[in-house]
Amino acid sequence: MAEVTGIKEIIKPENLVYKRTGIMTDTVLSYCPGCGHGTAHRILAELIEEEGLQSKAIGVSPVGCSVLLYNFLDIDWQEAAHGRAPAVATAIKRLLPDRFVFTYQGDGDLAAIGTAETIHACNRGENFLIIFINNGIYGMTGGQMAPTTIPGMKSSTSPFGRDVRMMGNPLKMTDIVATLPGTYYVTRQSVHTPANVKKTKRALRKAIQYQFHNKGTCFVEIVSNCPSGWKMTPVESIRWMEENMLPFYPLGDMKVPDEKTGK
Amino acid sequence: MERELRLMKGNEAVAEAAIRAGADGYFGYPITPQSEILEYLMEAKPYETTGMVVLQAESELAAINMVYGGAACGKKVMTTSSSPGISLKQEGITYIAGAELPCLIVNVVRGGPGLGTIQPAQSDYFQAVKGGGHGDYHLIVLAPASVQEMADFVELGFDLAFRYRNPVMILSDGAIGQMMEKVYLNPHRERSKDVPEWATTGKPPTRSRNIITSLDLDPEAQERFNLKLVAKYNEIREKEVRYEEFQCDDADYLLVAYGTSARVCQKSVQLARMEGIRVGLLRPITLFPFPSERISVLADRVKGILSVEMSAGQMVEDVLLAVNGKVTVKHYGRMGGMIPTPEEVVENLRSKIIGG
Amino acid sequence: MTEEIIIAGFGGQGVLSMGKIMAYAGVLQDMEVSWMPSYGPEMRGGTANVIVILSTERISSPIIRRFDTGIILNQQSLDKFEGSIKPGGVLVYDGNGISRHPVRNDISIYRIDATEEAARLNSPKTFNMIILGGFLEIKPVLSVENVVNGLKKSLPERHHRLIPENAKALQRGGEMMREVLRIREQDK
Ligand SMILES: Cc1ncc(C[n+]2csc(CCOP(=O)(O)OP(=O)(O)O)c2C)c(N)n1
Ligand code: SF4
């Protein structure tokens with residue numbers, strides 16, 4: 001009995017250290033166990049709550065495993081055709097310039113079929129945020145090669161490993177957009193360890209705030225895993241990511257505005 | 001010649017048949033339910049054996065324009081996709097039709113509109129047979145109803161494409177793409193070394209330059225070109241109609257269905273006949289050209305026709321035109337990735353045609 | 001002869017591959033075959049099913065809703081497909097994790113505890129071959145020999161070392177089913 005009363009004493013608002021964010025709906029996430037998408041969603045949801053942006057946020061979801069993202073976060077959403085999210089977001093932000101507008105896109109969506117939309121939105125300096133999940137593969141369609149698949153990496157359409165002479169080189173979109181005058185804040189992060197989750201959250205918070213400066217496109221890449229597409233257990237996939245993806249896609253900021261001048 | 005027996009998915013049969021038909025190039029982009037085609041080709045590595053080029057493009061838009069480029073060199077090239085990807089290809093397809101280029105396009109249809117579902121449907125009939133892109137043009141449209149036909153129509157499709165300098169579409173669906181059946185594969189054909197006289201391969205002194213274009217700014221010349229296309233389509237209508245009949249000889253009622261629906265309807269015919277209802281099935285194999293004349297002849301003999309499709313009612317419009325009011329024509333369809341069951345078809349035949 | 005079969009269970013239980021092996025065996029027996037899977041994201045940890053038709057005649061519809069035989073590997077599939085077996089048909093199911101057992105009395109129902117047995121034999125992945133062996137004992141539409149050859153055809157070369165283990169599981173399934181039948185005979 002004493003123990004039960006003890007628990008009741010502990011469960012008090014002032015003792016709360018961690019809670020479910022109200023921005024996440026009750027819908028069960030449709031991701032495979034260990035997939036990075038879920039963590040990225042969670043951070044985004046927390047930030048929308050913490051920054052008080054529920055009524056200002058308009059998200060554009062992609063075609064990819066996160067196609068159902070609009071079911072998971074309790075904000076307004078538009079679902080774009082494959083690769084077209086930056087074009088869709090361009091119009092939203094131009095018509096509603098005081099809103100928090102963002103896209104959330106996979107690497108196939110953003111860096112293959114949507115390359116033109118991505119580059120041109122960033123080059124025009126559209127004032128929205130792009131969140132780019134790079135798992136090096138097409139998750140949703142069953143593990144085909146993505147533009148970000150690293151050399152030698154196996155996928156269902158590079159069954160003998162990516163042969164760059166035949167299939168081309170991986171595309172580092174984040175590096176590319178960082179060189180464009182239209183981008184304002186460009187960074188590459190990951191969510192595979194608690195420390196990295198914290199860093200990514202910090203970066204995303206900045207990106208969300210910068211989004212309101214209306215001084216150019218904010219671009220946050222999150223290097224992620226795809227245990228199913230990589231045909232690994234979640235733990236193996238994290239190790240593989242650290243050993244293979246991160247050396248190829250090093251983490252860190254690529255372009256930061258000057259805090260004083262805001263430029 | 002010995003044909004090799006294999007057990008394969010419809011999608012795999014397309015890929016293997018393409019290699020064996022001596023295709024020169026394949027350009028694709030992953031999309032369910034047809035990604036196995038690109039996967040199979042990447043695993044089979046025909047570029048090491050026959051020299052066939054296989055490339056994963058960055059989008060369907062790019063893939064169809066690669067097809068344009070390859071076809072304009074006189075090569076046997078193809079692409080495959082499923083509904084949303086085929087919509088994206090429409091711009092390229094009308095340019096290909098306008099430049100009179102031969103190529104093969106496979107649509108493993110899934111339910112729409114929009115992103116829709118990844119389950120099988122026949123809702124792209126209008127898009128396939130009535131145009132799809134802008135301008136006055138037609139594709140030759142073949143509708144396989146088995147894995148065997150998935151393989152056979154690759155070779156047939158290429159032959160028709162080159163005979164008429166016209167894009168050919170295989171209009172399949174997720175069920176036929178994903179299912180496995182026995183398939184007898186033709187022996188390997190050498191990749192052709194013939195160069196069509198219109199192909200852009202570099203101008204030798206012996207001929208004038210070749211230009212592949214779909215542009216003509218002079219309206220009179222453009223109309224002459226349109227009339228040439230019309231004449232070509234009429235020739236195709238005359239010579240290339242293909243269909244299969246199933247117990248139509250003594251039929252009081254007729255089912256018209258293609259592809260997966262036709263397979264379902266075969267069983268419906270058996271079920272209905274067990275109940276003493278004399279039903280036959282006409283299965284269009286070419287959707288353009290459509291077997292209108294045959295349907296018109298059968299319409300003189302039957303009391304009613306049910307068009308069965310996995311759509312809201314698209315082919316039924318062509319059946320109605322063919323029948324021209326002679327007997328009742330009704331539509332029965334399932335949508336959104338649902339497939340009609342043989343029993344449902346019989347029920348609808350009873351309620352919409354026999355009772356109605 | 002036409003045998004229309006539904007195999008259903010969780011994705012990852014080898015539902016589709018069991019069907020594939022049967023289809024290959026059918027081809028080896030000169031039959032017409034069709035193998036129509038459920039496909040798509042639902043397979044990720046969700047349910048998977050496949051319709052296999054074996055016939056001595058041309059197969060009309062590969063998509064059907066009523067089956068001669070159901071081979072059922074989990075509760076969800078049992079709930080979904082028990083009603084789809086034709087009267088007089090056969091239902092074979094794995095008892096593992098089943099709390100609502102089948103109740104129809106116009107079909108023949110056989111339970112085989114294949115998961116348990118496979119675990120006991122230390123080769124958990126072969127449980128579907130135990131079930132298949134059991135089914136073939138009741139309805140010998142395919143010979144065990146052809147099923148083993150079908151296995152060779154459907155498994156990639158690098159997995160061929162697993163064939164003896166699977167062949168043993170097939171045999172074991174047959175034995176278990178004979179035992180089930182013997183006990184039933186006794187009870188009569
Ligand atoms: C026009 C078009 N082409 C192809 C597809 C099929 N498709 C769906 S998701 C996808 C790629 C997904 O990969 P990615 O963007 O990397 O996201 P992930 O699933 O890995 O999160 C493709 C090719 C489609 N829906 N529409
Ligand atoms: S397929 Fe890959 S990206 Fe998609 S949910 Fe599964 S693990 Fe995540």
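The values are calculated or read from the model by the stated rules, or taken from the named source; none is laboratory data. The shown structure was predicted, so the numbers you read here are calculated from the model rather than taken from an experiment. Glycine also receives a Cβ, built like all others from the backbone with ideal geometry; neighbour counts cover every protein chain displayed. Quick note on the areas: whole protein, heavy atoms, side chains included, nothing else; ligands and nucleic acids left out. Shrake-Rupley method; radii C 1.70, N 1.55, O 1.52, S 1.80 Å.
Worth pointing out:
- Test result for residue A:151, closer than 17 Å to residue A:108 by Cα, in contact with a Leu (Cβ under 6 Å, 6 or more places away or on another chain) and either small (Gly, Ala, Ser) or at pLDDT 95 or above (or both): no
- Only a single criterion out of (1) open to solvent by less than 10 Å² (accessible area, probe 1.4 Å); (2) touching a helix residue (DSSP H, G or I) at 6+ places or on another chain (Cβ under 7 Å); (3) more than 10 Å from chain C (Cβ to nearest Cβ) is not satisfied by residue B:284, namely (2).
- Lone unmet requirement of (1) charged (D, E, K, R); (2) closer than 20 Å to residue B:40 by Cα; (3) in a helix (DSSP H, G or I) for residue B:58: (3)
- Listed by first and then second residue, the pairs with beta-carbon distance under 8 Å, at least 6 apart or on different chains, first residue in region B:320-337 and under 20 Å from residue B:265 (Cα atoms) and in a strand (DSSP E or B), second open to solvent by less than 80 Å² (accessible area, probe 1.4 Å) and among the hydroxyl-bearing types (Ser, Thr, Tyr), are B:329/B:307; B:330/B:307; B:331/B:307; B:332/B:307; B:333/B:311.
- Taking residues in region A:17-37 that are closer than 25 Å to residue A:51 by Cβ and of a type in the set (Gly, Ala, Ser), and partners anywhere that are part of a loop (DSSP other than H, G, I, E, B) and within 16 Å of ligand 1 (Cβ to nearest atom), the pairs with Cβ atoms closer than 8 Å and at least 6 places apart or on different chains are A:36/A:135; A:36/A:191; A:36/A:192; A:36/A:224; A:36/A:225; A:36/A:226.
- Scanning region B:64-77 for any residue that is within 12 Å of chain A (Cβ to nearest Cβ) and of a type outside the set (Asp, Glu) turns up nothing.
- Single residue of B:194, B:249, B:159 found to be open to solvent by 50 Å² or more (accessible area, probe 1.4 Å), assigned by TED's automatic domain parsing to the domain that holds residue B:293 and not basic (Lys, Arg): B:249
- Elements of type helices (runs of 4 or more DSSP H) in region C:82-188, at least 2 residues being touching an Asp or Glu at 6+ places or on another chain (Cβ under 7 Å) and open to solvent by 50 Å² or more (accessible area, probe 1.4 Å): C:163-187
- Test: residue in region B:30-44 that is modelled with pLDDT of 95 or more and away from chain A (no Cβ under 12 Å): no
- Region B:250-277, residues that are among the small types (Gly, Ala, Ser) and part of a helix (DSSP H, G or I): B:259, B:261, B:262, B:268, B:272
- Selection count where residues are facing chain C (nearest Cβ under 10 Å), over 24 Å from the mean Cα position of the chain (by Cα) and surrounded by fewer than 23 Cβ atoms within 10 Å (Cβ to Cβ), scope region B:259-281: 2
- Within region B:33-46, residues that are not assigned by TED's automatic domain parsing to the domain that holds residue B:179 reach no partner that is of a type outside the set (Asp, Glu) with beta carbons closer than 7 Å at six or more positions or on different chains.
- When the strands (runs of 3 or more DSSP E) confined to region C:1-74 are screened for residues that are away from chain B (no Cβ under 12 Å) and more than 30 Å from residue B:116 (Cβ to Cβ), those reaching at least 3 such residues are found at C:67-72.
- Test: residue B:92 is away from chain A (no Cβ under 13 Å), open to solvent by less than 20 Å² (accessible area, probe 1.4 Å) and more than 18 Å from the chain's Cα centre (by Cα): no
- Residue in region A:159-182 that is of a type in the set (Val, Ile, Thr), open to solvent by 10 Å² or more (accessible area, probe 1.4 Å), away from ligand 2 (no atom under 16 Å from the Cβ) and not in a helix (DSSP H, G or I) present: yes
- Which numbered condition residue A:243 misses (of (1) in contact (Cβ under 8 Å) with a residue 40 or more places away in the chain; (2) more than 16 Å from ligand 1 (Cβ to nearest atom); (3) surrounded by fewer than 17 Cβ atoms within 10 Å (Cβ to Cβ)): (1)
- Restricting region A:52-70 to residues that are open to solvent by 60 Å² or more (accessible area, probe 1.4 Å) and away from chain B (no Cβ under 14 Å), the residue that is nearest to ligand 2 (Cβ to nearest atom) is A:54.
- Taken together, the residues in region A:17-35 that are over 27 Å from residue A:228 (Cα atoms) and either within 14 Å of another protein chain (Cβ to nearest Cβ) or open to solvent by 100 Å² or more (accessible area, probe 1.4 Å) (or both) amount to 3.
- In region B:35-55, the residues that are in contact with a strand residue (DSSP E or B) (Cβ under 8 Å, 6 or more places away or on another chain) and either within 16 Å of ligand 2 (Cβ to nearest atom) or part of a helix (DSSP H, G or I) (or both): B:35, B:36, B:37, B:38, B:39, B:41, B:42, B:46, B:47
- From the options A:206, A:198, A:215, residue that is closer than 22 Å to residue A:98 by Cα, without any contact (Cβ under 8 Å) to a residue 40 or more places away in the chain, open to solvent by 20 Å² or more (accessible area, probe 1.4 Å) and away from chain B (no Cβ under 11 Å): A:206
- When A:80, A:116, A:111 are checked against the criterion of being open to solvent by less than 10 Å² (accessible area, probe 1.4 Å), free of Cβ contacts under 8 Å to residues at least 40 places away in the same chain and within 16 Å of ligand 1 (Cβ to nearest atom), a single residue qualifies: A:80.
- The set of residues from region B:60-89 being within 13 Å of ligand 1 (Cβ to nearest atom), touching a Phe, Trp or Tyr at 6+ places or on another chain (Cβ under 9 Å) and either modelled with pLDDT under 95 or open to solvent by less than 10 Å² (accessible area, probe 1.4 Å) (or both) comprises B:60, B:63, B:64, B:79, B:80, B:81, B:85.
- Residues that are in contact with a strand residue (DSSP E or B) (Cβ under 9 Å, 6 or more places away or on another chain) and away from ligand 2 (no atom under 16 Å from the Cβ) within region A:22-42 comprise A:23, A:24, A:25, listed in sequence order.
- Flag if residue A:149 is under 20 Å from residue A:35 (Cβ atoms) and of a type in the set (Val, Ile, Thr): yes
- Checking each residue in region A:82-117 for being assigned to a loop (DSSP other than H, G, I, E, B) and either within 14 Å of another protein chain (Cβ to nearest Cβ) or within 16 Å of ligand 2 (Cβ to nearest atom) (or both) picks out A:82, A:83, A:84, A:114.
- Pick from region B:111-139, criterion open to solvent by less than 10 Å² (accessible area, probe 1.4 Å) and small (Gly, Ala, Ser), ranking: nearest to ligand 2 (Cβ to nearest atom): B:111
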